[in-house]
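Here the structure is laid out as structure tokens; the discussion comes afterwards.
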Amino acid sequence: MKYILPTLGAIAATGLFAFSSVSYTANAKDTSSRVDTFKQLELFADVLARVRTEYVVDVDDAELIEGALNGMLQSLDPHSSYINPEAFKRMQTTTSGEYGGLGMEVTTESGVVKVVAPIDDSPAKDAGIKAGDYITEIDGESILGVSLNEAVDRMRGKPGEPITITVIRGEEDPLEFDLVRAVIKSRKTKWEVKDGVGYLRIPQFNEQTYETLEGAVKALKKEFNGNIPGIVLDLRGNPGGLLDQSVKVSSAFLDGGEVVSTRGRRADDVTRLSAKNGELVKGVPLVVLIDGASASASEIVAGAVQDRNRGIVLGMTSFGKGSVQAVVPLRGGRDGALRLTTQRYYTPSGRSIQGTGITPDISVAASADDGKDNHRLSESDLPNSIQNELATEDAEVEIKIEYPPEGFDEDGDYQLDRAIQILKDGSYKTKLAELQ
Amino acid sequence: MKILSRFCLALSLATALSSVPLWGAPAFAQDNQAAEDVEMRKQLDLFAEVFAMVRDNYVEDISDEDLIDGALNGALSSLDPHSSYLPAEDHQERQKNARREYGGLGIEVTLESGLVKVNYVIPDGPAAKQGIKRGDFITAVEGEKVLGKTLNDAVDGMRGLAGDPINVTVLSADNTTREVTVIREKILGRAVRHRVEEGVGYIYIESFNHPRLTDDVKTAVEELKSELGGRLPGLIIDVRSNPGGRVDQVVNVTGYFLDGGEVFSSSGRDKTFTKRYHADQGELIPEVPIVVLINSQSASAAEIIAGALQDRNRALVVGRRSFGKGSVQSIMNVKSEGALRLTTERYYTPSGRSIQGLGIMPDVLVSARPESETTRKRFRESDLKNSLGKEMDVEEEDFDAMVFPSESWPDDEDFQLSKAIELVKSPNLKSQLSAKNTLIRYR
């Protein structure tokens, strides 16, 4: 199980160290601010000393500092955090070795662990856990107020080990789910032919995503004798993952050019990431499916396709996770690590994804109540989240949402049906031209 | 540049640390102390490093102050649920709010058939001065009809700044309606409610925060005495859902019912320094049987009075096991003009029982509601995440011994109180108390 945030460890951490020397010269402002820093740090040491001498029981210095680091990082935004040495060690085994999990993306909302989306073919999804569920207990023990890191840790374990989680869904009484931890495989891109068009499903962005996408496209080409009439790229419920994979995936549909830029605090801290030349499916009509659980890397792909007028984005407004976290090991990880928000994502036209997400070109709901309560979890709902600095009144423009007709088969997929329809009924070209 | 400045930060932290006298540490422990300091310095280095990293690389500009506020808050709240850091702004705001004076009419009201009914008029209060009496109805406030409003909305309409006049329409018992202008005054509500219940005295103490509590309890006892013809056959002290409050108030109030001796003690990390709090000599109502009512929401000072009267065999404690908040927080001002709320001590009953995490176990277990899964489960201090550890094992409530109301017991009737009245009237109360005495002695 991973967080919704992309694990950009390697890439971003190097970046962080590279520009931190710059930042020092830039920040060596006037002496008054340094005096203030001094005063603040003195205050901190003063308080700690008083706690050490006067607290009712002996205090462990390391625990106290860990509390301070947690408090400092969490006060910034929901995705910044301090990872203690133990958790950092586990995190490293997680990304490299085998571990057992439940297969869902979680976040916190007002201190409560909330499910962003269960992953396809995972214990969580099979058991019936849904996006938006609040997890209140693990094995009968309350996790209210527990940090996200700790909650995730508790859900992990050996594959085959059982776990009971208690979930609150809407107004219903708490529900209990018995699950068995399983190895969460790096999930691959899947392909299918649906109603005469090609269907590609990317469940998350991991190391193998592009490779398996290439294979899937090849298979589709073969299926259609080299002439794919149209492609639906399904990014619904895809919580993101690796940034470089989102750029590669975009390259499959774009012939070079900018995919995304990341910008830090200083104006000169801009990194532009471009697609490689030579797209895989040149000229093939493309519809990208997104929903409220499409986050981060998914939003990058959808945003690039939309801004570059390469295809039509259909579905519901995406999550709005447009910030980049760097994972910075402290003293080689012996003191743990920091997960710090250092940059934001921008689409090629310069739109910030943070908070607002990607608004589809054609808004289509999955079910009659989808989006109606207008309170699907999205980034801007998270306490203390970074606001979108480009948000304007325009963002408030009312969006017309298409709902499935009455009596639509509950097991059907209305969004996919609409995507296929657009590719087949000849309206694709005019619609795309309108959007330009 | 980077290394140097980081070194400076670390250095300044270390200096600041050693400039704070580490008093309380005996001289012979100095070697140990030195080792601890090295560890602390290492930790402060780490903190300074992270601080600089965050400040310089975060996606937005952030102030040093906000970062340190967050850090202090994190450090303090990692200790236990009652320790916290109040940033300068919050602290000042709180102090200002405490000084801001609201005014009221000096009445207590309930809603009856859609109208606001006056239940109690504070003697010499603004309403009393205008002849408003208990039993009057208020039908309109500033010309606006009360009918159809919730009690909260109606009361909100009556609040305002002290000194401001307000027009109310009063319907009296003799069916006459009149308009009255009342000048709002700063009102201190009653600290206690008292009444005669089935021939015995009943005092309800809502909290121990009221500055006039000590006097009000005394007045209440005297009024009950005179109402019952000069002799109290029994007294019920109700501290259910009482969240606690001031130490001086609970010592004084408990002292009314004890002839000197210890009420409670508190001690911090160094157990050799124990503060003991004593009752004054002379009881207010010697020999009068007392029952103290507690529940799972009786906390802190409420547990002190229950624990003291229980340990000293002065009262029978009835109800459910109390909350178990047996820790003392001290508010300390710091350089930032913010403040620290830090747990510094634990409370102990006269027999030396720690209250923290354990609470007070009633002598007679009585539930307010019929038996069920939810009735059994109560939320207490030890259920709080990260709560300060207890020093002894928790004694769980014995549900076999607990008295429950029957399923048909009406919701609006107080079962625990009815049991308390039964017990306080019982001729066996004295022997029950002395039997308890032996129990405690051999425990």
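For the reader, a short list of remarks on this structure follows.
- Any chance B:V263 is open to solvent by 10 Å² or more (accessible area, probe 1.4 Å), more than 23 Å from B:L423 (Cα to Cα) and hydrophobic (A, V, I, L, M, F, W, C): no
- A search for C-beta distances below 8 Å between a residue of region B:66-90 that is at the interface with another protein chain (Cβ under 7 Å from one of its Cβ atoms) and small (G, A, S) and any residue that is open to solvent by 30 Å² or more (accessible area, probe 1.4 Å) and part of a helix (DSSP H, G or I), counting only pairs 6+ apart in sequence or on different chains, returns B:G70/A:Q74; B:G74/A:N70; B:G74/A:Q74; B:S78/A:E63; B:S78/A:E66; B:S78/A:N70.
- Within region B:174-189, considering residues that are touching a residue at least 40 places away in the same chain (Cβ under 8 Å) and assigned to a loop (DSSP other than H, G, I, E, B), the one most open to solvent (accessible area, probe 1.4 Å): B:K186
- When every residue of region B:363-383 is checked against the conditions, at least one turns out to be closer than 26 Å to B:V263 by Cβ, in contact with an Asp or Glu (Cβ under 9 Å, 6 or more places away or on another chain) and at pLDDT 90 or above.
- Restricted to region A:1-89, the set of helices (runs of 4 or more DSSP H) holding at least 2 residues that are modelled with pLDDT of 90 or more and either farther than 26 Å from B:L79 by Cβ or at the interface with another protein chain (Cβ under 7 Å from one of its Cβ atoms) (or both) comprises A:31-54, A:61-74.
- Residue check for A:G371: surrounded by 12 or more Cβ atoms within 10 Å (Cβ to Cβ), at pLDDT below 90 and outside any helix (DSSP H, G or I): yes
- Of the candidates B:Q356, B:Q281, the single residue that is more than 14 Å from chain A (Cβ to nearest Cβ), in contact with an Asp or Glu (Cβ under 8 Å, 6 or more places away or on another chain) and over 23 Å from B:H210 (Cα atoms) is B:Q281.
- Looking only at region B:47-64, and only at residues there that are out of contact with any Leu (no Cβ under 9 Å at 6 or more places or on another chain) and under 19 Å from B:P87 (Cβ atoms), the one that is nearest to the other protein chains (Cβ to nearest Cβ): B:D61
- When each of B:R312, B:R376, B:R353 is tested for being free of Cβ contacts under 8 Å to residues at least 24 places away in the same chain and open to solvent by 10 Å² or more (accessible area, probe 1.4 Å), the lone residue that passes is B:R376.
- From the list A:T93, A:T107, the one residue that fits, being open to solvent by less than 20 Å² (accessible area, probe 1.4 Å), at pLDDT below 80 and over 19 Å from B:T343 (Cβ atoms), is A:T107.
- Some residue of region B:303-311 being on the phi < 0 side of the Ramachandran plot, within 14 Å of another protein chain (Cβ to nearest Cβ) and not in a loop (DSSP other than H, G, I, E, B): no
Condition check ((1) over 24 Å from A:A87 (Cβ atoms); (2) touching a residue at least 24 places away in the same chain (Cβ under 8 Å); (3) outside the structural domain of A:V288 (by TED's automatic domain parsing); (4) among the polar types (S, T, N, Q)) across all residues:
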| residue | (1), (2), (3), (4) |
| --- | --- |
| A:P162 | no, no, yes, no |
| A:P174 | yes, yes, yes, no |
| A:F177 | yes, yes, yes, no |
| A:V197 | yes, yes, no, no |
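- Any helices (runs of 4 or more DSSP H) falling wholly within region B:2-90 and containing at least 2 residues that are under 30 Å from B:F273 (Cβ atoms) and modelled with pLDDT of 75 or more: B:30-57, B:64-77
- Residues located in region B:158-173, provided they are open to solvent by less than 40 Å² (accessible area, probe 1.4 Å) and closer than 14 Å to B:G106 by Cα: B:M158, B:G160, B:I166, B:V168
- Apart from one condition, B:I305 fits all of (1) among the aliphatic types (A, V, I, L, M); (2) touching a Leu at 6+ places or on another chain (Cβ under 9 Å); (3) in contact (Cβ under 8 Å) with a residue 40 or more places away in the chain; the exception is (2).
- Residue check, B:D216 at pLDDT 95 or above, assigned by TED's automatic domain parsing to the domain that holds B:A302 and acidic (D, E): no
- Every residue from region B:239-271 that is within 14 Å of chain A (Cβ to nearest Cβ) and among the acidic types (D, E): B:D270
- Candidates B:K419, B:K385, filtered to the one that is assigned to a loop (DSSP other than H, G, I, E, B) and touching a strand residue (DSSP E or B) at 6+ places or on another chain (Cβ under 9 Å): B:K385
- Matching residues, region A:221-254, being within 18 Å of A:G315 (Cβ to Cβ) and among the β-branched types (V, I, T): A:I231, A:V232, A:V249
- Flag for B:L340 being more than 30 Å from B:S78 (Cα to Cα) and more than 19 Å from the chain's Cα centre (by Cα): no
- Scanning region A:145-200 for residues that are among the basic types (K, R), assigned to a strand (DSSP E or B) and open to solvent by 70 Å² or more (accessible area, probe 1.4 Å) turns up just one, A:K190.
- Listed conditions (1) out of contact with any Ser or Thr (no Cβ under 9 Å at 6 or more places or on another chain); (2) open to solvent by 70 Å² or more (accessible area, probe 1.4 Å); (3) outside any helix (DSSP H, G or I) are all met by B:P233, apart from (2).
- Among the residues of region B:33-46, the one identified as among the polar types (S, T, N, Q) and at the interface with another protein chain (Cβ under 7 Å from one of its Cβ atoms) is B:Q43.
- Within the set B:T344, B:T274, the sole residue that is within 12 Å of chain A (Cβ to nearest Cβ), over 30 Å from B:K225 (Cα atoms) and modelled with pLDDT under 95 turns out to be B:T344.
- Looking at region A:289-363, the strands (runs of 3 or more DSSP E) lying wholly inside it that each contain 1 or more residues that are under 30 Å from A:I65 (Cβ atoms) and open to solvent by less than 10 Å² (accessible area, probe 1.4 Å) sit at A:323-329, A:337-346.
- Only one of the numbered conditions (1) open to solvent by 40 Å² or more (accessible area, probe 1.4 Å); (2) part of a loop (DSSP other than H, G, I, E, B); (3) touching a residue at least 24 places away in the same chain (Cβ under 8 Å) is violated by B:K325, and that is (1).
- With respect to (1) farther than 19 Å from A:L432 by Cα; (2) polar (S, T, N, Q); (3) crowded, with 22+ Cβ neighbours inside 10 Å, the lone exception for A:S250 is condition (1).
The values are calculated or read from the model by the stated rules, or taken from the named source; none is laboratory data. Since we're looking at a predicted model, the values are computed, not measured. All Cβ positions, even for glycine, are placed from backbone atoms using ideal geometry, and neighbour counts span all protein chains on display. Just the protein is used for accessible areas: all its heavy atoms, side chains included, with ligands, DNA and RNA removed. Shrake-Rupley method; radii C 1.70, N 1.55, O 1.52, S 1.80 Å.
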